[in-house]
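Presented below is the structure to which this report refers.
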């Protein structure tokens with residue numbers, strides 16, 4: 001149940017009487033969006049290479065994501081301002097970085113997401129249209145779905161997709177008969193030879209994308225706009241990433257039991273899941289393999305529509321901020337009914353829909369062309385810098401006078417965000433080194 005209270009400005013806002021599981025939603029959305037097919041392959045490869053040894057890293061990764069998403073949500077609720085409002089207050093360099101990033105990243109990611117969603121469809125229907133045709137179809141379906149539906153429907157569909165993902169992956173993990181003794185031993189922090197980069201990637205990679213920054217926008221779209229929703233947000237966030245943690249552990253189990261013992265190697269990238277489907281068919285039959293491909297599609301398509309919605313919300317806020325700055329206006333007032341309306345209006349705004357079109361139509365050209373070399377480099381560099389940028393700017397914002405004293409970082413939050421920032425800096429350096437300059 002929720003209470004309706006009046007603010008100092010005379011507006012009424014709804015605040016929950018207590019934290020409740022019935023409110024959960026935005027956390028599921030951000031977790032489902034952040035876990036893509038490439039993340040699943042990385043986890044499978046870690047399991048196939050090192051067995052259960054790196055299970056502890058998956059658990060730490062879950063805690064890191066909880067800390068980051070909680071910080072983003074706390075900023076939105078404690079200040080009544082969006083994350084981009086906070087970034088803009090740190091200096092013009094944040095605006096320059098984000099403006100370049102959101103254009104280049106969206107262009108390349110659009111093609112990647114459409115291809116990833118099409119792969120399992122091609123595997124399920126090999127006699128149908130080719131990969132490129134299915135990729136275009138999934139992109140257009142994602143565009144139409146986000147264009148015509150508001151957050152409430154979007155959340156329900158995302159919840160259904162993550163339920164499909166979770167049930168199928170847990171089912172496959174149970175079918176491969178996990179070794180409980182070995183899995184418990186994997187909770188002890190051990191670094192086998194040659195495992196450092198796998199470990200860092202496992203901690204930092206699964207569920208960690210620009211969509212973590214979109215979490216605050218989704219909680220606003222849900223109608224949570226002030227600190228009265230803080231307990232609900234924290235429950236929502238923890239429940240979502242604990243679910244993600246179980247999901248990641250299940251994929252590691254599949255890699256350890258199905259691939260490690262048989263010394264089966266997967267293709268890197270999304271196509272590795274097609275390899276796994278073949279292995280599952282050989283081991284358990286066509287039905288299990290097809291079920292897994294359905295889960296693969298749910299994973300990829302949830303990421304597609306999640307990005308189509310969440311990053312478009314961020315872009316709409318970015319444009320709004322630029323317009324307010326040019327007009328000499330300030331930030332929107334905190335904790336008011338107008339904020340709820342503003343969050344809903346973004347889903348129908350011209351910038352929101354313009355970015356939706358940007359994510360869909362220009363990337364279609366990349367599906368029929370080799371990715372330009374310079375674009376690949378720019379995409380790699382900008383993408384590598386985003387997670388360190390997010391972690392370190394959250395530390396800056398949540399320890400400053402921009403945040404009300406009672407909602408500033410405590411020791412634990414600072415330690416977790418600093419550790420995440422350091423981790424992502426190391427991963428950033430490694431990603432930049434791997435770019436084909």
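Those helices (runs of 4 or more DSSP H) of segment 27-142 in which 3 or more residues are out of contact with any helix residue (DSSP H, G or I) (no Cβ under 9 Å at 6 or more places or on another chain) occupy 92-124.
Within segment 243-301, being more than 23 Å from the chain's Cα centre (by Cα), at pLDDT 90 or above and either assigned to a loop (DSSP other than H, G, I, E, B) or closer than 22 Å to residue 62 by Cα (or both) holds for one residue alone: 285. If we scan segment 57-72, do we find a residue that is modelled with pLDDT under 80, crowded, with 19+ Cβ neighbours inside 10 Å and over 24 Å from residue 218 (Cβ atoms)? Checked against the condition, which is being modelled with pLDDT under 80, crowded, with 19+ Cβ neighbours inside 10 Å and over 24 Å from residue 218 (Cβ atoms), segment 57-72 yields no hits at all.
Residue-wise test of (1) more than 15 Å from the chain's Cα centre (by Cα); (2) touching a residue at least 12 places away in the same chain (Cβ under 8 Å); (3) closer than 14 Å to residue 73 by Cα.
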residue: 192; (1), (2), (3): yes, yes, no
residue: 216; (1), (2), (3): no, yes, yes
residue: 228; (1), (2), (3): yes, yes, yes
residue: 233; (1), (2), (3): yes, yes, yes
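Here residue 159 meets each of (1) in contact (Cβ under 8 Å) with a residue 40 or more places away in the chain; (2) buried (at least 17 other Cβ atoms within 10 Å of the Cβ); (3) part of a helix (DSSP H, G or I) with one exception, condition (2).
When you check residue 385 against the structure, is it under 22 Å from the mean Cα position of the chain (by Cα) and modelled with pLDDT under 90, yes or no?
Yes; evaluated as a whole, the condition is true for this residue.
When we screen 212, 233 for residues that are under 14 Å from residue 70 (Cβ atoms) and at pLDDT 90 or above, the only hit is 233.
When each of 187, 180, 196 is tested for being surrounded by fewer than 15 Cβ atoms within 10 Å (Cβ to Cβ) and in contact (Cβ under 8 Å) with a residue 40 or more places away in the chain, the lone residue that passes is 187. If you go through segment 163-183 and keep only what is part of a helix (DSSP H, G or I), under 28 Å from the mean Cα position of the chain (by Cα) and within 14 Å of residue 47 (Cα to Cα), you end up with 173, 183.
The values are calculated or read from the model by the stated rules, or taken from the named source; none is laboratory data. Since the model is a prediction, treat every value here as computed from it, not as a measurement. Using ideal geometry, Cβ is built from the backbone for each residue, glycine included, and neighbour counts are taken over all protein chains shown.
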